[in-house]
Amino acid sequence: MLKQDTTFVSDDTHVSHLHKVKSTSADKTSTTLADQILVQIQTSIIKGELPAGSKINEQALAEKYGISRGPTREALQTLERQRLVVRAPHVGARVAQLTVSELNDLYQLRSVLEGMACELAASRITPEQLAKLEDLLATQDAALAKGDTYFQEEGDVDFHYQIIQASGNKHLQETLVGGLYHLLRMYRYQCTNKNRPVKAIAEHRRIVEAIAQRDGELASLLMRRHIEQGRKNTELRLIELQANAAAKETLANIS
């Protein structure tokens, strides 16, 4: 179960391969199918291709990917644990709704846990892990110079993920990566202001410098400030998006 909970979203798609696999395959293949469709649906939800709050039709998803409902149901159950999908009686499964209230709750918890991760990483990070972080910063700087301002990729190319791994605390890793990571990426992907990455990268660099100096207290403080700035930015963008959506709905009703 933990393997599924920590599956990271990839932008690569394998739909053509999925169509070639028969739904009567062995259990091992079925698990692979569930993992693959999980990645597909995660990507669609995080990027907003499956809109927040929209109803999920299990049969339609199974038909879309050319597999049976078993692997589809298994993937949706994992997405529920990751809080990307919610299920209510007499309503069924829906994509998680983005709300200001949940955003604030999520970021408050994230601030505490990632602050702790930084403090632990300052005393536990290996030279190899530190080198990876510094390489990532250099990659982000180069991308920024080219005008690419989106750096919220998954897994090893995510700044926060690398620090969480460097903390060396398995329970902390499971809570953040398995329980909160994907929902956080949904908010970050859909609600980030285009100007935020410039400031965020500078904040990343100061955090890495504190970790490299083995100053856990400073690293934790800088991370909490960094997350709070991200929360404010994300909240403002979410409110703007919601206002725009409400205005469109009003115009549609008038028409």
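The values are calculated or read from the model by the stated rules, or taken from the named source; none is laboratory data. Quantities reported herein were computed from a predicted structural model and do not represent experimental measurements. Counting neighbours? That spans all protein chains shown, and the Cβs are built from the backbone with ideal geometry, glycine included. To get the accessible areas, we keep the full protein, side chains included, count just its heavy atoms, and leave off ligands, DNA and RNA. Shrake-Rupley method; radii C 1.70, N 1.55, O 1.52, S 1.80 Å.
Every residue, every condition in (1) crowded, with 20+ Cβ neighbours inside 10 Å; (2) of a type in the set (A, V, I, L, M, F, W, C), yes or no:
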| site | (1), (2) |
| --- | --- |
| K170 | no, no |
| G179 | no, no |
| M186 | yes, yes |
| I201 | no, yes |
| H204 | yes, no |
| L222 | yes, yes |
| L236 | no, yes |
| I239 | no, yes |
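Cβ-Cβ distances below 8 Å connect the following pairs, each with a first residue in region 57-73 that is in contact (Cβ under 8 Å) with a residue 12 or more places away in the chain and more than 15 Å from Q42 (Cα to Cα), a second residue that is assigned to a helix (DSSP H, G or I) and among the polar types (S, T, N, Q), and a separation of six or more residues or different chains: G70/S30. Against the conditions (1) at pLDDT 95 or above; (2) open to solvent by 20 Å² or more (accessible area, probe 1.4 Å); (3) part of a helix (DSSP H, G or I), I163 satisfies every one except (2). Filtering region 75-115 to residues that are among the acidic types (D, E), without any contact (Cβ under 8 Å) to a residue 24 or more places away in the chain and closer than 30 Å to H204 by Cβ leaves E102, D105. Note on region 119-156: among residues that are loosely packed, with under 15 Cβ neighbours inside 10 Å and of a type in the set (S, T, Y), the one that is modelled with the lowest pLDDT is Y150. Report whether or not L236 is out of contact with any strand residue (DSSP E or B) (no Cβ under 8 Å at 6 or more places or on another chain), assigned to a helix (DSSP H, G or I), closer than 27 Å to E119 by Cβ and modelled with pLDDT of 90 or more. In short, no.
Within region 92-107, the only residue that satisfies the criterion of being at negative phi, in contact with a Lys or Arg (Cβ under 8 Å, 6 or more places away or on another chain) and surrounded by fewer than 15 Cβ atoms within 10 Å (Cβ to Cβ) is N104. Apart from one condition, N193 fits all of (1) surrounded by fewer than 17 Cβ atoms within 10 Å (Cβ to Cβ); (2) more than 17 Å from the chain's Cα centre (by Cα); the exception is (2). For region 162-202, a residue qualifies if it is small (G, A, S) and over 24 Å from A212 (Cα atoms), and the qualifying residues are G178, G179.
Scan region 56-72 and tell me whether some residue there is modelled with pLDDT of 85 or more, touching a strand residue (DSSP E or B) at 6+ places or on another chain (Cβ under 9 Å) and surrounded by 14 or more Cβ atoms within 10 Å (Cβ to Cβ). Yes, because at least one residue in region 56-72 is modelled with pLDDT of 85 or more, touching a strand residue (DSSP E or B) at 6+ places or on another chain (Cβ under 9 Å) and surrounded by 14 or more Cβ atoms within 10 Å (Cβ to Cβ). A single member of L2, L50 is modelled with pLDDT of 90 or more, under 25 Å from Y187 (Cα atoms) and either open to solvent by 30 Å² or more (accessible area, probe 1.4 Å) or among the polar types (S, T, N, Q) (or both), and it is L50.
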